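Data block below; observations after.
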Amino acid sequence: MFRILHLADLHLGWEPRFMAPDRAAERRRRRDRLLARAVDYALEASHQVGLVLIAGDLFETHRPPESLVQEVISQLRRLEAAGVPVVTVPGNHDEITYHDSVYRRFAAAWPGVLVQNPLPEPVATLAVAGFPVHIYSLAYTGGVTPAGSPLTAFPRLDEPGLHVAVFHGTLGHWGGDRSLPLDREALARAGYDYVALGHIHQALEERLGRTPAVYAGAVEGKGFDDPGTGAFTLVEVEPGRGVVAVRREPVPVQPVETLRIDAGTFGSAAELGSYLASLAAPDRILRLELHGTPAFAVDGPALQAEHATRFFHLEIHDATEPVSWDDLLQWSREPTITGLFVRRLLDQLEGETEPRRRRVVERALRLGVQALMREGQAR
């Protein structure tokens with residue numbers, strides 16, 4: 001048995017411009033270590049990695065800094081020196097189309113198999129643990145690779161061994177203008193043992209006939225709407241049986257999280273501030289989305305300024321709709337549906353002595369007023 005380490009969308013060289021400059025530079029430095037960590041993982045004998053696939057967007061741009069390119073080449077040479085084959089497929093961020101693309105400028109020095117052909121072809125047959133592995137791929141090249149409709153021509157050699165396709169593209173038309181569409185039925189007919197995909201940053205798996213088509217996803221994401229998978233994708237292969245399992249191996253990454261919090265569950269601004277302090281961690285990248293109908297006004301910018309230094313990066317989005325006691329008392333005097341509703345719940349609140357039940361009634365009062373206002377029945 002051996003394993004294939006399937007990587008994609010590392011986007012080395014990316015820097016988060018939504019952060020302060022010093023934090024952005026540090027975040028980039030940490031993310032740029034991801035390939036080295038993957039190589040360390042692959043070279044650990046107990047992990048049984050016999051082949052590494054990079055399914056596009058290794059770099060954030062087609063022209064990354066030369067120092068980063070040299071570091072990447074150095075890491076890939078570690079695999080080569082250890083006898084672990086590596087296949088690199090250009091993506092759409094690091095596209096090979098451009099005359100100054102990293103994959104044109106450094107092609108002669110690139111370790112392992114660098115895919116450069118613009119149409120699907122057999123690109124290499126590799127010996128992995130004494131077993132033949134046939135690789136099929138393409139490098140999208142503007143003006144040459146058809147992109148108007150999903151590709152349908154996928155070759156497959158009539159040879160024994162494992163047949164693996166590697167594409168930076170999307171199944172069908174999903175993925176937008178900058179994606180390479182691949183026809184599902186044609187891939188199923190090709191009969192590959194595994195299709196390694198890049199471009200979609202989520203970890204996804206789909207069966208095309210008997211063929212597993214897998215997006216490795218981005219191990220380290222780019223932001224709150226792209227938080228990353230936090231896992232390596234490992235393909236377990238048994239000669240004679242082919243692919244027997246696809247596993248996600250958790251990897252420690254810098255946490256990028258979005259929390260949606262109902263501020264109406266807190267009794268005061270101080271309670272909300274204490275809760276935010278309890279979430280703090282020096283490496284945490286957090287977006288806090290506040291909603292609900294608190295009894296107090298929320299000052300999002302002040303909260304963010306007060307707690308920002310406790311996090312690697314903190315953003316607070318305030319979408320609360322506060323309802324004060326003065327507002328409630330004013331509505332209670334009106335001869336409207338809202339006024340009737342407020343009077344009834346204020347009467348119920350006055351009769352409640354148990355603190356928890358009082359809080360439930362008070363919260364129902366504020367939520368009800370907001371619902372009525374949204375329906376245009378406040379007057």
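You will find that of Q330, Q370, the residue that is assigned to a helix (DSSP H, G or I), free of Cβ contacts under 8 Å to residues at least 40 places away in the same chain and not aliphatic (A, V, I, L, M) is Q330 and no other.
Among the hydrophobic types (A, V, I, L, M, F, W, C), surrounded by 12 or more Cβ atoms within 10 Å (Cβ to Cβ) and either over 30 Å from A45 (Cβ atoms) or modelled with pLDDT of 95 or more (or both): which single residue out of A129, A188 fits that description? Selected residue: A188, the only one of A129, A188 that is among the hydrophobic types (A, V, I, L, M, F, W, C), surrounded by 12 or more Cβ atoms within 10 Å (Cβ to Cβ) and either over 30 Å from A45 (Cβ atoms) or modelled with pLDDT of 95 or more (or both). Taking into account only those residues within the range 191-235 that are surrounded by fewer than 17 Cβ atoms within 10 Å (Cβ to Cβ) and in contact with a Phe, Trp or Tyr (Cβ under 8 Å, 6 or more places away or on another chain), which is nearest to F131 (Cα to Cα)? Checked the range 191-235; the qualifying residue nearest to F131 (Cα to Cα) is E205. Flag: A305 does not match the condition of being within 16 Å of G264 (Cβ to Cβ) and surrounded by fewer than 17 Cβ atoms within 10 Å (Cβ to Cβ).
Please identify the pairs in which a residue from the range 248-268 that is farther than 30 Å from V214 by Cα has its Cβ atom under 7 Å from the Cβ atom of a residue that is open to solvent by 60 Å² or more (accessible area, probe 1.4 Å), counting only partners at least 6 apart or on another chain. Pairs found: G264/R363; F266/Y275.
Considering the range 333-356, and only residues there that are assigned to a helix (DSSP H, G or I) and surrounded by fewer than 14 Cβ atoms within 10 Å (Cβ to Cβ), the residue that is modelled with the lowest pLDDT turns out to be R356. Take the residues in the range 277-327 that are among the aromatic types (F, W, Y) and more than 26 Å from the chain's Cα centre (by Cα), then tell me which one is modelled with the lowest pLDDT. The selected residue is W325.
With respect to H173, is the statement that it is within 19 Å of P146 (Cα to Cα) and assigned to a loop (DSSP other than H, G, I, E, B) true? So H173 passes the test.
The values are calculated or read from the model by the stated rules, or taken from the named source; none is laboratory data. Everything numeric in this text was worked out from a predicted model, so none of it was measured. Cβ sites come from the backbone with ideal geometry, for glycine too, and all protein chains shown count toward neighbours. Heads up: the accessible areas ignore ligands, DNA and RNA and are worked out on the full protein's heavy atoms, side chains in. Shrake-Rupley method; radii C 1.70, N 1.55, O 1.52, S 1.80 Å.
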